[in-house]
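Trainee: Right, I'll just put the structure down here and ask away after.
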């Protein structure tokens, strides 16, 4: 079955390069243009707000998931198709993951990194088989990819698991990866024996 809902992780700020905001707007519009739903972190600020606003403007179904503590700081988006206010960041991430058929990360900071790597780790462990894609706006993710490649070369990440981290140079390339994704079983690496 074709994916119907894309989870987008991204910054709560616009970032220094106008290309980041443009990519967020283009992604929101393109997701809605394909008739897909969008789930995101529920904020009205930064790239989060831009991707949601663009999807809504294009007639898309947009679901936000935001912890109560952030909602009470008045950063929640009030114009969504659906807004879920949850108790914790853990609940937020689980709800977003459960509703998604694919994950795309735009540029962002610590929260974006953490969210993306959590779903990537879940894929590595076989908890899901959904595509995990970095939208590489003007090379933003290149240093991260180099670090992951180094960890692979040093034996910490099996090559099959490294291949779970997909990278796309454009919005349409990212969505084509989502559309063309086929489930494949990833071997779970054996844990090293305990020291005796």
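Coordinate-derived values only; no laboratory data. This structure is a prediction, so every number in the text was calculated from the model and none was measured. When we count neighbours, we look across all protein chains shown, and the Cβ atoms used for this are built from the backbone with ideal geometry, even at glycine.
Trainee: Quote the relative contact order of the chain in percent (integer), defining contacts as alpha-carbon pairs under 8 Å separated by 6+ residues.
Mentor: 21
Trainee: Restricting the count to DSSP beta bridges whose residues both fall in the chain, what percent are antiparallel, rounded to a multiple of 5?
Mentor: 5
Trainee: Report the paramagnetic label zone for residue 149: residues of the range 166-182 whose backbone N is under 13 Å from a point 7 Å from Cα along the Cα-to-Cβ axis.
Mentor: 167
Trainee: Another one. Quick one: if you stick a label point 7 Å off each Cα along the C-beta vector at residue 88 and residue 57, how many nm between them?
Mentor: 3.8
Trainee: Fewest Cβ neighbours within 10 Å first, please rank 72, 34 accordingly. If you can, show how the numbers build up before the last one.
Mentor: On the way: 72 11, 34 17.
Listing 72, 34 from fewest to most nearby Cβ atoms yields 72, 34.
Trainee: Provide the gained length on full extension for the span residue 78 to residue 179, in nm with one decimal, where the gain is 0.36 nm per separating residue minus the Cα-Cα distance. Don't jump to the answer; show the numbers that get you there.
Mentor: Working: separation 101, 0.36 × 101 = 36.36 nm, distance 2.97 nm.
Additional length available on full extension: 33.4 nm.
Trainee: Over the range 5-179, how many percent of alpha carbon pairs lie in each 5 Å bin up to the one with the longest distance?
Mentor: 1, 9, 18, 23, 21, 15, 8, 3, 1, 0
Trainee: A further question follows. Hey, how many Å between the Cα centroid of the range 19-33 and the Cα centroid of the range 117-183?
Mentor: Computed from Cα coordinates, the inter-centre distance equals 20 Å.
Trainee: A follow-up question, please. Just to be sure I understand the model, the point goes 7 Å from the Cα along the line to the Cβ. What's the resulting residue 127 to residue 142 distance in nm?
Mentor: 3.3
Trainee: Still on this structure, please answer the following. If you rank 147, 48, 89, 165 by fewest surrounding Cβ atoms within 10 Å, what's the result?
Mentor: Fewest-to-most Cβ neighbours within 10 Å comes out as 147, 89, 165, 48.
Trainee: Can I ask one more? Along the Cα→Cβ direction, 7 angstrom out, place labels at residue 45 and residue 113. What is the inter-label distance in nm?
Mentor: 2.0
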